[in-house]
Amino acid sequence: MDNSTKQNTQGKDKKVDLSIVIPIYNEEENLPILYEKLKEVLDKLGKRYEIIFVNDGSTDRSWEIIKQLAEKDPHVVGVNFRRNYGQTAAMSAGFDMARGEVIITMDGDLQNDPTDIPRLLEEMDKGYDIVSGWRKDRKDAFISRTLPSRIANWLISKVTGVHLHDYGCSLKAYKADVAKNLDYYGEMHRFLPALAKPVGAKVTELPVKHHPRMYGKSKYGISRTFKVILDLFLVKFLLDYRTKPLRVFGGTGLILFTIGSLILLYLVFVKLFMGEDIGNRPLLIFGTLLVLSGIQLISTGIVAELITRTYYESQNKRPYLIKEVVSSEDKS
Ligand code: UDP
Ligand code: MG
């Protein structure tokens, strides 16, 4: 948590059971309706809760409305970004602020339905760390949205090994300790269930309702699919190799170096013992290239390894996440 978020939470570090995190970018018509619907569902739950609206640089009246809601209802927390940082950053700020043991994220455009919240919580009580919504009956344009999303979901599931039908659904429930310990950048919020794999999170999915957007416009188009695919490469790397980059680069480097060295040794043999001229042989260039690339890759691996260490140590991060500790020692 950085300083600014610490300031914001001052005097507000009372724990609650449930935090709802909602990124808001120009949703003035939706906000009041969403708030009423949420209120109705959450008051019935009998849990201590908070609703965190993160205003992601809206240019309409969204922030005014959030401020009004926060003034009249102590359950509402409003966070105002200085500019538009994107949905992922808004969710991340929400995670930092959240005081709940469980965090539920959803869209602010009424496409997700607050009545699904109790169902997500029930599912989570079966022992899951993440329950991801699945818009089984999705109400978006087929060619530009639903179809690319199906392909992307299939690909993400294959590559990450975490099989979900609908990574893109914002309605998800997280155990707070898992959500707060994930690293993500750019537009990566959809990958959170996959990024939670290394910390051993138990992930499941649950069909949820989905409504067409009634007010305001969608902030994304087809180009998002390509960005998602690009992010997938990074996610794969983060998942498999982040803690051991030397093995990725070094492994390949070592193979190239070995082949190159064998070729050069062979040429030395040809030159010394068979007396042939080797200066004009393509094999010489090839061997030299292999040896050099090998050395390059190995050193890149070592540098990457050092960067990883700095990364963990500078942020006091641990490469593991503990679920609980038991001990019979007196705790007084
Ligand atoms: N959103 C945001 N910042 C952005 C874009 C979107 O906070 O830069 C919010 C938006 O207000 C909504 C949610 O993220 O609450 C999902 O956006 P949208 O409905 O446009 O996405 P779609 O449902 O079309 O995928
Ligand atoms: Mg939407």
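The values are calculated or read from the model by the stated rules, or taken from the named source; none is laboratory data. Bear in mind the structure is a predicted one, so any value in this text is a computation, not a measurement. Ideal geometry is used to build each Cβ from the backbone, glycine not excepted, and the neighbour counts take in all protein chains shown. Keep in mind that these areas ignore ligands, DNA and RNA; they rest on the heavy atoms of the full protein, side chains included. Shrake-Rupley method; radii C 1.70, N 1.55, O 1.52, S 1.80 Å.
Return yes or no: is SER157 among the polar types (S, T, N, Q), within 11 Å of ligand 1 (Cβ to nearest atom) and open to solvent by less than 70 Å² (accessible area, probe 1.4 Å)? So that I can check it myself, show each step before the final result.
Working: among the polar types (S, T, N, Q): yes; within 11 Å of ligand 1 (Cβ to nearest atom): no; open to solvent by less than 70 Å² (accessible area, probe 1.4 Å): yes.
Considered against the rule, which asks whether it is among the polar types (S, T, N, Q), within 11 Å of ligand 1 (Cβ to nearest atom) and open to solvent by less than 70 Å² (accessible area, probe 1.4 Å), SER157 comes out as no.
Can TYR184 be described as within 16 Å of ligand 1 (Cβ to nearest atom), surrounded by fewer than 22 Cβ atoms within 10 Å (Cβ to Cβ), hydroxyl-bearing (Ser, Thr, Tyr) and within 16 Å of the chain's Cα centre (by Cα)? Full working, then the answer.
Working: within 16 Å of ligand 1 (Cβ to nearest atom): yes; surrounded by fewer than 22 Cβ atoms within 10 Å (Cβ to Cβ): yes; hydroxyl-bearing (Ser, Thr, Tyr): yes; within 16 Å of the chain's Cα centre (by Cα): yes.
So TYR184 fits the description; yes.
Applying the selection to region 126-168, what residues are in contact with a Phe, Trp or Tyr (Cβ under 6 Å, 6 or more places away or on another chain) and within 16 Å of ligand 2 (Cβ to nearest atom)?
Quick first cut of region 126-168, residues in contact with a Phe, Trp or Tyr (Cβ under 6 Å, 6 or more places away or on another chain) only: 130, 153, 156, 165-166.
Across region 126-168, the qualifying residue is only ASP166.
Please determine whether any residue of region 281-303 is free of Cβ contacts under 8 Å to residues at least 12 places away in the same chain and within 27 Å of the chain's Cα centre (by Cα).
Yes, region 281-303 contains at least one residue that is free of Cβ contacts under 8 Å to residues at least 12 places away in the same chain and within 27 Å of the chain's Cα centre (by Cα).
Being within 15 Å of ligand 1 (Cβ to nearest atom) and open to solvent by less than 20 Å² (accessible area, probe 1.4 Å) narrows it down to one residue among ASP140, ASP166; which is it?
On the way: ASP140 fails: open to solvent by less than 20 Å² (accessible area, probe 1.4 Å).
None of the others qualify; the one that does is ASP166.
Can you name every residue in region 10-44 that is in contact with a helix residue (DSSP H, G or I) (Cβ under 6 Å, 6 or more places away or on another chain) and over 23 Å from ARG82 (Cβ atoms)?
Within region 10-44, TYR35, LYS37, LEU38, VAL41 qualify.
Please enumerate the residues belonging to region 196-212 that are crowded, with 20+ Cβ neighbours inside 10 Å, hydrophobic (A, V, I, L, M, F, W, C) and not in a loop (DSSP other than H, G, I, E, B). Quick ask: steps written out before the conclusion?
Within region 196-212, the first condition is being crowded, with 20+ Cβ neighbours inside 10 Å, and the residues that meet it are 196, 201, 203, 205-206, 208, 210.
Next, from what is left, pick out any that are hydrophobic (A, V, I, L, M, F, W, C): 196, 201, 203, 206, 208.
Correct list: VAL203, LEU206.
Could you please find all residues in region 1-56 being among the charged types (D, E, K, R), part of a helix (DSSP H, G or I) and either buried (at least 22 other Cβ atoms within 10 Å of the Cβ) or at pLDDT 95 or above (or both)?
The initial filter retains those residues of region 1-56 that are among the charged types (D, E, K, R), namely 2, 6, 12-15, 17, 27-29, 36-37, 39-40, 43-44, 47-48, 50, 56.
Narrowing the set further to residues that are part of a helix (DSSP H, G or I) leaves 6, 36-37, 39-40, 43-44.
Selection gives GLU36, LYS37, LYS39, GLU40, ASP43, LYS44.
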